[in-house]
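A quick write-up on the structure given underneath.
The values are calculated or read from the model by the stated rules, or taken from the named source; none is laboratory data. These numbers were taken from a predicted model, which means no experiment stands behind them. Glycine also receives a Cβ, built like all others from the backbone with ideal geometry; neighbour counts cover every protein chain displayed.
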Amino acid sequence: MDAIHLQNPEQEKSEILKRYKALLRSCKRKMEKDDKAQIRKAFEVALEAHKEMRRKSGEPYIFHPIAVARIAAEEIGLGTTSIVCALLHDVVEDTDLSLDDIKGMFGERVAKIIDGLTKITGISEQSTSIQAENFRKMLLTLSDDVRVILIKLADRLHNMRTLDSMKHEKQLKIASETLYLYAPLAHRLGLNAIKTELEDLSLKYTEPEIFFDIEKKLKDTEPERKRYINKFIVPLKAELETEGFGFKMYGRPKSIFSINNKIKTKGVPFEEIYDLFAIRIILDSKSEDEKADCWRAYSIITDFYHPNPDRLRDWISTPKANGYESLHTTVMGPEGKWVEVQIRTVRMDELAEKGYAAHWKYKEVAEARENQLDEWLKRIREMLESSDENALEFIDDFKLNLFADEIVCFTPKGDMRTLPLGATALDFAFDIHTKVGENCIGAKVNHRLVPLSYQLKSGDQIEIITSSKQSPKEDWLGYVITAKAKSKIKLALKEVKKKLADDGREVLERKFNHLKLDFTVQNINEVANFFNLPSSHELFYRVATGSINLKNIKDYIEERNKRGGKKQGAKKQGSKSLESIVKEVRGSADMLVIGENMKRIDYKLSPCCTPIPGDDVFGFITINEGIKIHRVNCPNAIQLMSNYAYRIVKAKWTNQEMISFLSGIKIKGIDEMGLVNNITQIISTELNVNMRSISFDTNDGVFEGTIMVFVQDTNHLTNLMAKLKKVKGVLTVSRVDGN
Ligand code: MN
């Protein structure tokens, strides 16, 4: 960790031994004689192999493998095999020793892990994007032994801890790679402490100003925070002690990385983040009492501080996908501040920090711990390889999150293809080639026949079955999600349709001749209208596909002859009434005064823009629903005014009547405690407005809400919106203008 330049070889040697001994001490697990001998042997082999090498910092190279081995043992909780591999992890890559040498000395298993580690190292030298792709592939195909990944994480953590001595560009590359690949990986494996440290270290090198700024602010505010935490903890401590709990309780600051995330995503300054720390209570519980103890502690805490029921998270009854167990609550602490409290047992805490590897420590069976670890690793590997839908949720989550919104699939020859999450077999076919997509009749996924709409999963191997007779079908559009496949299918369908329409036109012409109907544009349009089709083109197409046949057209002619007269009459009547309305409105006054001549003329406030008194409005004469009042800035206004100018009447409001009008308000902001309550309180009590509906949607701390209220006029509404804007947490308040 620390760059020590030891000139004296004797001194250097003793420092190496000191570190080696510290490593042995960190192997908490009881070791057999044989284990110790293996580790000793690995140490000596590595020491000899790296003896001429130095790290960038100038210190002996062996410091690095020892440190990696120590992280593997101490911070991840891995056993002898992993410690041996960690000690040897750079030997094949950087020295003259070969994989066969390792195999000869340490056996097949160790050699395999070293092989995996060496391959990953090779990838690191490539450019970041290629590397990311290959890393994914690596995880899915190579992960013979998950210890490869765990040791790689230990290796990366130590490199990040000692990144100072690297050149700046190299620092940036390693740090961003860490953020992109290794931190999420650690998270998925439940290695919380490592994940957090990797993130903080990455931030330190990618955005140093931000990192040091937050670090300083955290330090400056520390005394204040400590004072508060003490105030919070003291009464709880006394009560927990009285109740006979063995426990530790402390305030834990959030990581710099997560604070920065909050500043960025929520747009609030450091000073306004209220949850800079959480209180953690770690109970010393017997395994059979764990759950009950946690809830008892919860009960004691909430006797002192009132909990927010929306913020209770019970990950004890239902652990998180990565194995995390804990009971979280947010309570109202002293000085009216919300405080998050995490309650868990020693076992749960260790699990949260060290991940699944810590499980085995708590297994009652003492024998063959290493074997149990193997069992766990085997399970992860099986899950990584399995395409079984019932595979544990944890691994699904692992894959999903690691690959965010992408999946990686393979062709029968093993070529890799990256597709968006949710892509189907048909998407895959189009991804290979348009022709393959168009002629696709089926697919085999992992040698099993599946439908075209089959949703692919990462690691699937897909063989597309084609036939030259196949062509894209309309319903295929529902089977694909990629833009490429969609546009290719649409294009193909359009061409097919166009060709069919040409055929249909000829057929229709013959039918018209047969029925003694002139094949004129007007007649064609009338028939299209009769069948409610948007265009003659569509009519031709339907005739070609047979969905409109000769009999249908005969029906039309009959219908026309039968109802022709009546229809004409109805139309006349309609237009007469329209004319009369216009006349009536225009005649009485040049302007429609809403509220005055209300009784005389039938009109409605249009739901598309919900006008209220005070808005600039106009009336639009509809055929069946009288006059509709729109706001001048209604999204539909331009279209109405430009196309139907003759049906527009000027309108204004009278201010005599006190009627309430329905209006919508949209609110966006940050999900603060009690925010919805504050908003509804303003609406219902302060201004005496009636609320018709309220809907809120919270997404990762950001909420969006729509409230429908009855107000008297724009003044009233503006007032209300101004008050809402002042609510803490509210960012924007706007009027809903319909759509
Ligand atoms: Mn290394």
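Annotations
- Qualifying residue in segment 94-101 (condition: surrounded by 22 or more Cβ atoms within 10 Å (Cβ to Cβ) and away from the ligand (no atom under 11 Å from the Cβ)): no
- Note on segment 640-693: residues that are of a type in the set (F, W, Y) and either assigned to a loop (DSSP other than H, G, I, E, B) or modelled with pLDDT of 75 or more (or both) total 1.
- Of the residues making up segment 71-93, those that are more than 12 Å from the ligand (Cβ to nearest atom) and over 19 Å from D115 (Cβ atoms) are A73, E74, E75, I76, G77, G79.
- Residue in segment 49-70 that is out of contact with any helix residue (DSSP H, G or I) (no Cβ under 7 Å at 6 or more places or on another chain), assigned to a helix (DSSP H, G or I) and more than 16 Å from the ligand (Cβ to nearest atom) present: no
- The set of residues in segment 441-460 being of a type in the set (S, T, N, Q) and within 18 Å of L421 (Cβ to Cβ) consists of S453, Q455, S458.
- Within segment 176-200, the set of residues being within 16 Å of the ligand (Cβ to nearest atom) and either touching a strand residue (DSSP E or B) at 6+ places or on another chain (Cβ under 9 Å) or at pLDDT 85 or above (or both) comprises I194, L198.
- Highlighted here would be helices (runs of 4 or more DSSP H) found entirely within segment 183-286 that include at least 1 residues which are on the phi > 0 side of the Ramachandran plot, but there are none.
- Of residues in segment 501-511 being at pLDDT 85 or above and in contact with a helix residue (DSSP H, G or I) (Cβ under 7 Å, 6 or more places away or on another chain), the one farthest from E526 (Cα to Cα): D503
- Filtering segment 132-152 for residues that are in a helix (DSSP H, G or I), at pLDDT below 70, within 14 Å of the ligand (Cβ to nearest atom) and farther than 19 Å from E74 by Cβ leaves an empty set.
- Apart from one condition, G104 fits all of (1) modelled with pLDDT of 85 or more; (2) surrounded by fewer than 21 Cβ atoms within 10 Å (Cβ to Cβ); (3) within 25 Å of P208 (Cβ to Cβ); the exception is (3).
- Some residue of segment 400-410 being at pLDDT 85 or above and outside the structural domain of A186 (by TED's automatic domain parsing): no
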